[in-house]
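What follows is a short report on a single structure.
The values are calculated or read from the model by the stated rules, or taken from the named source; none is laboratory data. All figures in this text were calculated on a predicted structure; none of them were measured in a lab. When we count neighbours, we look across all protein chains shown, and the Cβ atoms used for this are built from the backbone with ideal geometry, even at glycine. Areas reflect the complete protein model, heavy atoms only, side chains present, ligands, DNA and RNA absent. Shrake-Rupley method; radii C 1.70, N 1.55, O 1.52, S 1.80 Å.
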Amino acid sequence: MHAFRAADLQVGGGHLYASVVKYLRQNLGPRLFEIGGSVNTGAMFGAAGALTEMAGWMAHDAGQDQIARQHFGQALQYATFAGDLQMRAHVLGSLTHLADHMGLPDEALRFAREGQDIVARVSNPAVKARMLALEARAMASADNSDACAKLLIAAEDALSEVPAEEPSVWVSHFDEASLASETVRSMRQLSQFAPARRSAERIVELRKGRVRSLAFGLLGLAQILLTKPEPEPEEACAVASQVLDATGSLSS
């Protein structure tokens, strides 16, 4: 899982999707239903959930949102079988993102709140912050700026909390740059360009060395420069040129 994630950050999901699906089918699938032996069923379903969710993100990365939705739904089932509440909330976060991306804010809000109900029963500040930030995005899509702002502040506060239990090994990292990325999306949706620009610039500062994440930060900055009340097309072109230079190896 860590090897696939590390490669995905550098080259994008298009190069890796088939490999992840093949690994799930040929390596993990038979072991999930192994009779006898010493297999740890909970851990095996946790691995299957994490890798299936990863496959969902890779499909989404390639523009295959319906396939991504199916993968996320399967991952949620596997997380339930594994008894991993942190991973269940995490996968619900992925479903929230996809629903919002597909223009389904009510569904996004439902997934976000379901995830928060689960987060309230565990101690993982990063997952809590992610769910709050994703609910903020859904609120921004619903044009509720006050609720969005409160949720983003709560997400920032959550990141400073100290976990009372070990984070699930199957949950991917959510940090300051991740929160900044969600803030950019929310602020752009609400046409609040000044805070959106500050957050985009923060992503660029924090994500140096991570090709795809840096590219998304730069693209967000370019979009802000083009859509704000006083557009800066020349600067936006310069930023977009940086993206082209940096993403030659990506399959996204």
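Numerical summary
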| item | result |
| --- | --- |
| Cα→Cβ-extended label distance, 7 Å offset, between Ala154 and Phe81, nm | 3.3 nm |
| Whether region 73-137 is rounded, prolate or oblate, judged on the alpha carbon gyration tensor where a/c under 1.5 counts as rounded | oblate |
| Solvent-accessible area, 1.4 Å probe, carbon plus sulfur percent, for region 97-224 | 50 percent |
| Residue-wise HN-Hα coupling along region 72-84, computed from phi with Karplus coefficients 6.51, -1.76, 1.60 (Hz; x: Gly, Pro) | 4, x, 5, 4, 5, 5, 5, 4, 5, 4, 6, x, 9 |
| Two-site FRET efficiency, His2 against Ser191, from Cβ-Cβ distance with R₀ of 30 Å, rounded to 0.05 | 0.15 |
| From the coordinates shown, Kirkwood radius over Cα pairs in Å corresponds to which of [x] 20.1; [y] 18.8; [z] 17.8 | [y] |
| Surface accessible to a 1.4 Å probe, per residue, for the residues of the chain, Å² | 49 Å² |
| Packing-based order for 89-101, 132-144, 164-176, 193-205, using average beta carbon neighbours within 10 Å, highest first | 89-101, 132-144, 193-205, 164-176 |
| Spatially close lysines, pair count over the chain: Cα under 27 Å, gap of eight or more or interchain | 4 |
| Cα gyration tensor shape of region 1-131, rounded if a/c is under 1.5, else prolate or oblate by comparing a/b with b/c | oblate |
| Global geometry of region 201-249, whether rounded, prolate or oblate, following the gyration tensor of its Cα atoms and the 1.5 cut on a/c | oblate |
| Estimated FRET transfer efficiency (Glu234, Glu205; beta-carbon r; R0 25 Å; 0.05) | 0.70 |
| Glu165 paired with Ser241, simple spin-label distance in nm, labels 7 Å along Cα-to-beta-carbon | 5.2 nm |
| Surrounding net charge for Tyr78, when Lys and Arg each add one and Asp and Glu each subtract one, Cβ distance under 11 Å | -1 |
| Between region 93-108 and region 125-191, the Cα center-to-center distance that results, in Å | 14 Å |
| For the chain, calculated [θ]222 nm from helices alone, where every DSSP H run of n ≥ 4 adds -39500 (n - 2.57) | -23500 deg cm²/dmol |
| Surrounding net charge for Ala6, when Lys and Arg each add one and Asp and Glu each subtract one, Cβ distance under 13 Å | +2 |
| Packing rank of 231-240, 180-189, 64-73, where each peptide gets the mean count of other beta carbons within 10 Å, highest leading | 180-189, 64-73, 231-240 |
| Pairwise label distance in nanometres, Ala43 with Arg113, each label 7 Å out on the Cα-Cβ vector | 3.9 nm |
| Point-charge dipole on Cβ atoms (K/R +1, D/E -1) for the chain, about Cα centre, debye to 20 | 520 debye |
